[in-house]
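Undergrad: Starting off with a structure, shown below.
Every number in this text was worked out from the coordinates using simple rules, so none of it is lab data. All values derive from a computational prediction rather than experimental measurement. Cβ atoms come from the backbone with ideal geometry, glycine included; neighbour counts cover every protein chain shown.
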């Protein structure tokens, strides 16, 4: 499967449409559990560092606000973890050039599994405290990843 085809498959469950006369793009709300993935990517390896739970609030008029993130909330033995690891590999391979720390926002839909919200090719809120939680020097690993050195593991 080509990178473009893989990206289309990954995004096929998300409806994206231009907002009327505003020039903005909107996305329908996807029901499910909001998660983020923390990845370490090199030219040859993709490591899923952690699955994080995002805390969101929706007010009376439907405005969504971010209230924080709980890091590394999913056990590696959870069946969803294996699904997300494979999904993340496919996504990163469909977007050549992602390197270093990458954050992926998603919603876990009960019937459809992971639904992509966005890819952040930079540090995210989940990065804070992740080194301590995992017992690793992620700053050094991110620098090594961007210099072409091996990462700690493979997703």
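Undergrad: Using a 10 Å cut-off around each Cβ, can you sort 67, 47 from fewest to most neighbouring Cβ atoms?
TA: The most exposed by this proxy come first: 67, 47.
Undergrad: A follow-up question, please. Run the numbers on the range 26-96 and let me know its relative contact order in percent, using alpha-carbon pairs under 8 Å that are six or more apart. Working shown, then result.
TA: Working: 81 pairs, mean separation 15.7, N = 71.
It comes to 22 percent, rounded to a whole number.
Undergrad: What nm value, rounded to one decimal, do you get for the distance between residue 118 and residue 82 when each label is placed 7 Å out toward the C-beta?
TA: Roughly 3.3 nm, to one decimal.
Undergrad: Give me 136, 89 ranked fewest to most by other Cβ atoms within 10 Å of their Cβ, as a rough exposure proxy. Working shown, then result.
TA: On the way: 136 15, 89 18.
The fewest-first ordering by Cβ neighbours comes to 136, 89.
Undergrad: Under a crude label model (7 Å from the Cα following the beta-carbon direction), how far is residue 75 from residue 58 in nanometres?
TA: Between residue 75 and residue 58, the label points sit 3.0 nm apart.
Undergrad: Neighbour counts of other C-beta atoms within 10 Å: give me 35, 81, 66 arranged from fewest to most.
TA: Details: 35 23, 81 15, 66 11.
The fewest-first ordering by Cβ neighbours comes to 66, 81, 35.
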